[in-house]
Amino acid sequence: MKEIPAHASRTAPPKGSLARAPHTCAILMVALLTATGAATASGPQPQNTTPAAPQAIQPPLLKWQRGGCYSSWCETGWYSSPAVADLDGDGKMEVIAAAYSLFVLDGATGSPKWHVDPPASGARAWPGVVVADLNGDGELEIVSAHGGGYVRVLDHAGNLLWTRRPADNELRSLAVYDLDGDGKLEVLVAVAVYASRNQWYVYQSDGTLRGGWPQLASGAAGYAAGCYNENIGVGDLDGDGRGEIVAPSDVHYITAYQRDRYIPTTPAAPYPVLRGEGLLSLPRH
């Protein structure tokens, strides 16, 4: 973890005034209650059916900019979206963003708090940063995936917990989910690889590769190719309280896996099943 020098930050522009909706609602509520009280005291009054004039939409005001920039330059951002969370539990939100390095900024001012270099030179971040309590200890972890095939987990203060490199190509997909219902989140990534095998990887919260992964395994039934965008969805598809992994790729099919890649012998799902390989093939129309 590296502290960003004070001279690297830029003075945020002065804050403009911004009419807030809660204040407006409070004023309208007071006016409504007052009018209602007057009508009650003097008897029923004719109802005004004239529609209220819409309030003007105010243009956005710049709060801060150039967050995470150095004194004379900024890293180029790609597809990765930032996350917002209270990392240190002080009641104030931080912005967690990744270009190549990962930056943590004060959410109110945009001033830098700390940053961590990429896991390797040139390993830019592809998918959005994920902030979640992976191991159920009440502390947040920061998960990012990068070019060069790196997935990395930091603690809430930026200390490295683990790094894995399942492939040489970019990891362009990232998700976390409690697949087992045990209170710990698994980390799922997918590779932008020009191949029909080994696109999806699942890691336990401690970085251990989960049994049965990667998929699509060599010799397995099914059809898949590289994952070039956000190619992971996770949810409880069959109502058993556990997550299934839905994974499109660069073909005309979507594959779906159970948490351990295996599916029941007699599935209840009303879609085509290739039994014995943990794979559901869903044609895309």
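The values are calculated or read from the model by the stated rules, or taken from the named source; none is laboratory data. These numbers were taken from a predicted model, which means no experiment stands behind them. Counting neighbours? That spans all protein chains shown, and the Cβs are built from the backbone with ideal geometry, glycine included. The area values use the complete protein model at the heavy-atom level, side chains included, leaving out ligands, DNA and RNA. Shrake-Rupley method; radii C 1.70, N 1.55, O 1.52, S 1.80 Å.
Only one of the numbered conditions (1) assigned to a loop (DSSP other than H, G, I, E, B); (2) in contact (Cβ under 8 Å) with a residue 12 or more places away in the chain; (3) not β-branched (V, I, T) is violated by G91, and that is (2).
Taking G122, is it of a type outside the set (A, V, I, L, M, F, W, C), assigned to a loop (DSSP other than H, G, I, E, B) and under 24 Å from A167 (Cβ atoms)?
Against the criterion (of a type outside the set (A, V, I, L, M, F, W, C), assigned to a loop (DSSP other than H, G, I, E, B) and under 24 Å from A167 (Cβ atoms)), G122 qualifies.
Pairs linking a residue in the range 237-257 that is within 14 Å of V202 (Cβ to Cβ) to a residue that is basic (K, R) and open to solvent by 10 Å² or more (accessible area, probe 1.4 Å), with Cβ atoms under 8 Å and 6 or more positions apart or on different chains, are R242/R259; G243/R259; E244/R259; I245/R259. Checking the structure you have, find out if any residue of the range 53-64 is at pLDDT 85 or above, open to solvent by less than 80 Å² (accessible area, probe 1.4 Å) and touching a helix residue (DSSP H, G or I) at 6+ places or on another chain (Cβ under 9 Å). Looking for residues that are at pLDDT 85 or above, open to solvent by less than 80 Å² (accessible area, probe 1.4 Å) and touching a helix residue (DSSP H, G or I) at 6+ places or on another chain (Cβ under 9 Å), one finds none in the range 53-64, hence no.
Can you give me the number of residues within the range 186-202 that are surrounded by 24 or more Cβ atoms within 10 Å (Cβ to Cβ) and not in a strand (DSSP E or B)?
Keep residues of the range 186-202 that are surrounded by 24 or more Cβ atoms within 10 Å (Cβ to Cβ), which gives 187-191, 199-200, 202.
Now restrict to residues that are not in a strand (DSSP E or B): 199.
Final tally of qualifying residues: 1.
Taking the range 208-234 as the range and being surrounded by fewer than 16 Cβ atoms within 10 Å (Cβ to Cβ), under 20 Å from R172 (Cβ atoms) and modelled with pLDDT of 90 or more as the test, only L209 passes. The number of residues in the range 173-185 being open to solvent by 10 Å² or more (accessible area, probe 1.4 Å), assigned to a strand (DSSP E or B) and not hydrophobic (A, V, I, L, M, F, W, C) comes to 1. Selection of the range 109-151 for residues being farther than 16 Å from G89 by Cβ and aliphatic (A, V, I, L, M) yields V116, A120, A123, A125, V129, V130, L134, V143, A145, V151. If you filter the range 122-159 down to residues that are of a type in the set (S, T, N, Q) and closer than 16 Å to Y177 by Cα, you find that the one that is surrounded by the fewest Cβ atoms within 10 Å (Cβ to Cβ) is N135. Scanning the range 89-100 for residues that are surrounded by fewer than 20 Cβ atoms within 10 Å (Cβ to Cβ) and of a type in the set (G, A, S) returns G89, G91, A99.
Taking residues in the range 123-140 that are over 27 Å from N229 (Cβ atoms) and touching a residue at least 40 places away in the same chain (Cβ under 8 Å), and partners anywhere that are of a type in the set (S, T, Y) and surrounded by 20 or more Cβ atoms within 10 Å (Cβ to Cβ), the pairs with Cβ atoms closer than 7 Å and at least 6 places apart or on different chains are N135/S205.
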